[in-house]
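Below is one structure, written out as structure tokens, with a few remarks after it.
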Amino acid sequence: MKSISLSNLPELLSAIAAKEALYLPVDTKEGAEYKAYAEGDSLSLACNTNRSAKDFFFPQVEDMAAFKVEGKKIEIIDVRKETEDFVIFGARACDVKSFEVLDRVFLADPVDTFYKNRREHSTVVALACSAPEETCFCSSFGIDAAEPQGDVSAWIAEGRMFFKPNTQKGETLLSALSALLEESDGAAVEKAKEETRTIMGQLPLQNLPTEHFKPEKLMEHFNDPKWKELSQACIGCGTCTFVCPTCQCFDIRDFDTGNGIQRYRCWDSCMYSDFTQMAADQPRHTQLERFRQRFMHKLVYYPANNEGLFGCVGCGRCLAKCPISMNIAKVMKALGGDK
């Protein structure tokens, strides 16, 4: 295991940025946000960023193709560019787990080449949580906040940051930084892990009921009368989907630039009344149906098709951002039989 004094961390970040693009969470007036590293930036130690690291692989808006039309002739322009190598430094265990959820969608046939390109060029340094928030419930989905699974796992303990490589990408990154790193036995890391797990065990949303959400109970949950009461306050704003690290819905649109047509995709939300609307009809007419769709997908549909992997990682962003305080934790408690 390698380590560096926290006082020397700025030197380490500068060394990474000198070789490839570096992105890390930085404190702002609105909370922690991921941004491109600039000299003098400090790594935020906030447990959660406002928006997740999903943006690096599945951006909110993305150009897909362009078209030039001259009479009956149409020229298709490939706008894809080779992605630069980049490092995401400081992603938390929940966000790293969300990449697995997204991989199963975008890397399944037919492979999304835009997403694949970014994934292949990224190296993720995952930082263990040392101060989990009350809105965190990642352990309900089997995620260990003390043992993040990136290309490199990192921990802060006793005034130092410790690193352990998990993949060849991680080995390559730490090897390039070897002049700045020292060998460490990792005893302080084990103590820090236990402290984090103790905190997690005391949080109010640990051990949310997940055993009820099985494929054979699909229709039971779908027809549960509790959906009416749960959905009544929802205003369909879509905030929960936009801060969620695992939501993957998008729309594709064409825009006339005046000098051709630009095709792009942008995030969409199943909570919107015009989501998947077709010329003939709207498949989900009521907010109850749209509300139910979101949570059934996270808790039943997705795991049924992905070996039990849930479509939620318990990051707690939707709990913190929902304007009417309705969230997946309340849904899980209601459908799971808890009061």
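The values are calculated or read from the model by the stated rules, or taken from the named source; none is laboratory data. The model shown is predicted, which means the values in this text are computed figures rather than measured ones. With ideal geometry, Cβ positions are generated from the backbone for all residues, glycine too; neighbour counts draw on all protein chains shown.
Keeping to the range 211-250, report how many residues are of a type outside the set (A, V, I, L, M, F, W, C) and not in a helix (DSSP H, G or I).
Number satisfying all stated conditions: 12.
Output the residues belonging to the range 35-80 that are farther than 25 Å from ASP251 by Cβ and in contact with a Leu (Cβ under 8 Å, 6 or more places away or on another chain).
LYS35, ALA36, TYR37, ASP41, LEU43, SER44
Going by what's in this entry, would ARG284 be described as free of Cβ contacts under 8 Å to residues at least 60 places away in the same chain, touching a helix residue (DSSP H, G or I) at 6+ places or on another chain (Cβ under 6 Å), not hydroxyl-bearing (Ser, Thr, Tyr) and not in a helix (DSSP H, G or I)?
Yes, satisfied.
Yes/no matrix, rows are residues, columns are (1) exposed (fewer than 12 other Cβ atoms within 10 Å of the Cβ); (2) small (Gly, Ala, Ser); (3) not in a strand (DSSP E or B):
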position: LEU12; (1), (2), (3): no, no, yes
position: ILE16; (1), (2), (3): no, no, yes
position: ALA38; (1), (2), (3): yes, yes, yes
position: ALA65; (1), (2), (3): no, yes, no
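In the range 70-185, which strands (runs of 3 or more DSSP E) lie fully inside it and hold 3 or more residues that are surrounded by fewer than 17 Cβ atoms within 10 Å (Cβ to Cβ), not assigned by TED's automatic domain parsing to the domain that holds ASN305 and not acidic (Asp, Glu)?
Fully inside the range 70-185 and qualifying: 73-77.
Yes or no: GLN293 at pLDDT below 95, assigned to a loop (DSSP other than H, G, I, E, B) and either outside the structural domain of PHE56 (by TED's automatic domain parsing) or surrounded by fewer than 17 Cβ atoms within 10 Å (Cβ to Cβ) (or both)? Break it down stepwise before answering.
Details: at pLDDT below 95: yes; assigned to a loop (DSSP other than H, G, I, E, B): no; either outside the structural domain of PHE56 (by TED's automatic domain parsing) or surrounded by fewer than 17 Cβ atoms within 10 Å (Cβ to Cβ) (or both): yes.
Judged against the criteria, GLN293 is not a match.
Can you tell me which residue in the range 47-63 is nearest to the chain's Cα centre (by Cα), limited to those that are of a type in the set (A, V, I, L, M, F, W, C) and buried (at least 17 other Cβ atoms within 10 Å of the Cβ)?
ALA53
Scan the range 321-339 for residues that are over 12 Å from LEU205 (Cβ atoms), within 19 Å of the chain's Cα centre (by Cα) and hydrophobic (A, V, I, L, M, F, W, C) and jot them down.
Of everything in the range 321-339, just one residue is over 12 Å from LEU205 (Cβ atoms), within 19 Å of the chain's Cα centre (by Cα) and hydrophobic (A, V, I, L, M, F, W, C), namely CYS322.
LYS214 - would you say it is basic (Lys, Arg) and touching a helix residue (DSSP H, G or I) at 6+ places or on another chain (Cβ under 6 Å)?
When the stated conditions are applied, LYS214 does not pass them.
Scan the range 186-210 residue by residue and report those that are more than 23 Å from the chain's Cα centre (by Cα) and either assigned by TED's automatic domain parsing to the domain that holds LYS298 or not in a loop (DSSP other than H, G, I, E, B) (or both).
Passing the criteria: ALA187, ALA188, VAL189, GLU190, LYS191, ALA192, GLU194, GLU195, THR198, GLN202.
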